[in-house]
Amino acid sequence: MPETNSSLIEYLKTIDTPTISNAIEQLHLRPRNEGVTPLQVRCMFPDFGPMCGYAVTAQVETMTEGNPREERGYVELFESVEKSPKPAVIAFREIGGRPDYAAHCGEVMATFFTRLGGIGLVTDCAVRDLAEVRALRFHCFARGAVASHANFRIVRVGVPIQVMGLVIRPQDILHGDMNGLIQIPSEAAEGLPKAIVLSGQRAFVAAPLSDVSSSSFLAVYDISAGLLKPLAVSSPFPNFAEDLALCGPYICVATWGGLSILDLSDMAAIHEIGRYTYSSPPDAPSGISCLAIDGSIAYLTDADNSLLIVVDLSDPTHPQELARLQMPGFGQNVTFSNGYLYASNGMGGFSIYQTAAAAGQMRDVNGRPFSGVTVPAGCP
């Protein structure tokens, strides 16, 4: 089975589709009028909230009479859903005539897809059995409802398709809600959760300054009442933004080269007031990938070297490194809850650590030193 990033998908499901679309625009990866479905494709169950998953594509045909019903196509489709990264979103394109009379999915197909790890369907035609499909919590993005499935057959599986002009390829990430459906470019998929932080009625989005620049900027948007209104843009700061975290009147931006602290007190003049520069081990050059903040302490991860870097933010104009701690596995992400630090290991597990002790003496909940190794600040 292809590798899947469940944490990425779960994160994207917490964000509405217009906000993600807006972030993609800031990344300058494609023309702004591409990568979306038109208004003809409707969200049939808007109360379900956002749908996000990996595309399984097929060309189907419903109008031709006399075509033999071949089970092979169904088997191939169901196998593709089963083998797909999860969650899977099935995407159909009608290649026959009179598509207004075509129902591509109902209770039976939705039940099969759900049991195989599918969460929704995208089609340029119709669906049916709306009450039963709703009960399955199976998303549908379609042009409407039609009572009959006519002469439905599966023609080809696992090929690029177009759904009302939106090109969808196998394993594309699709995201949709009551506002519509978009395809998330592969170049943006990993950067989006690192580039967006939501706080109340505001969205903070970090993006490259340009397609060729190694600097970034922060944009702030008003997202109240479902609107996306630009509020402010920061002055540029160095390196590519990797992660964001709010810290009182400041926002901390983890970059490949360290940490930038931006002052938000004046939205008309957001600017960098402090910077921590990360020096990776000389024999294994790398950069910062994730950020978490607890009070005046920032925790940065160098996933390639499995390091947790602890930085004191008590003086935001002069952040100081306190310690470097060796993490088990790959140390991909960190987060806080109830006074504990949770660190993923990149291998399907995580470790839990107390954070009340001095940074260089952090211990896990069983009292053991952090991974048994503490590397003093400034040492490789």
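The values are calculated or read from the model by the stated rules, or taken from the named source; none is laboratory data. None of the values given here were measured: they were computed from a predicted structure. Here the Cβ positions follow ideal geometry from the backbone for every residue, glycine too, while neighbour counts run over all protein chains shown.
Listing for the model above:
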{"item": "Qualifying residue in region 58-79 (condition: in contact with a strand residue (DSSP E or B) (Cβ under 9 Å, 6 or more places away or on another chain), among the β-branched types (Val, Ile, Thr) and at pLDDT 95 or above)", "result": "no"}
{"item": "Neighbours by Cβ (under 6 Å, 6+ apart or cross-chain): first from region 101-124, assigned to a loop (DSSP other than H, G, I, E, B); second among the acidic types (Asp, Glu)", "result": "Ala102/Glu94; Gly106/Asp129; Leu116/Glu82; Asp124/Glu94"}
{"item": "Pairs with Cβ under 6 Å, 6+ apart, first in region 158-170 and in contact (Cβ under 8 Å) with a residue 60 or more places away in the chain and assigned by TED's automatic domain parsing to the domain that holds Pro87, second part of a loop (DSSP other than H, G, I, E, B) and of a type in the set (S, T, N, Q)", "result": "Met164/Thr37; Met164/Gln40; Leu166/Thr37"}
{"item": "From Ile184, Ile173, residue being in contact with a Phe, Trp or Tyr (Cβ under 7 Å, 6 or more places away or on another chain), modelled with pLDDT of 85 or more, surrounded by 16 or more Cβ atoms within 10 Å (Cβ to Cβ) and more than 17 Å from Gly274 (Cβ to Cβ)", "result": "Ile173"}
{"item": "Members of region 125-143 that are buried (at least 21 other Cβ atoms within 10 Å of the Cβ) and not in a loop (DSSP other than H, G, I, E, B)", "result": "Ala126, Val127, Val133, His139, Cys140, Phe141, Ala142"}
{"item": "Residue list for region 144-184, restricted to those being part of a loop (DSSP other than H, G, I, E, B), on the phi > 0 side of the Ramachandran plot and not aliphatic (A, V, I, L, M)", "result": "Gly158, Gly165, Gln171"}
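Yes or no, residue by residue, for (1) at pLDDT 95 or above; (2) hydrophobic (A, V, I, L, M, F, W, C); (3) within 24 Å of Ile182 (Cβ to Cβ):
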site: Phe92; (1), (2), (3): yes, yes, yes
site: Gly97; (1), (2), (3): no, no, no
site: Cys105; (1), (2), (3): no, yes, yes
site: Gly117; (1), (2), (3): no, no, yes
site: Cys125; (1), (2), (3): no, yes, yes
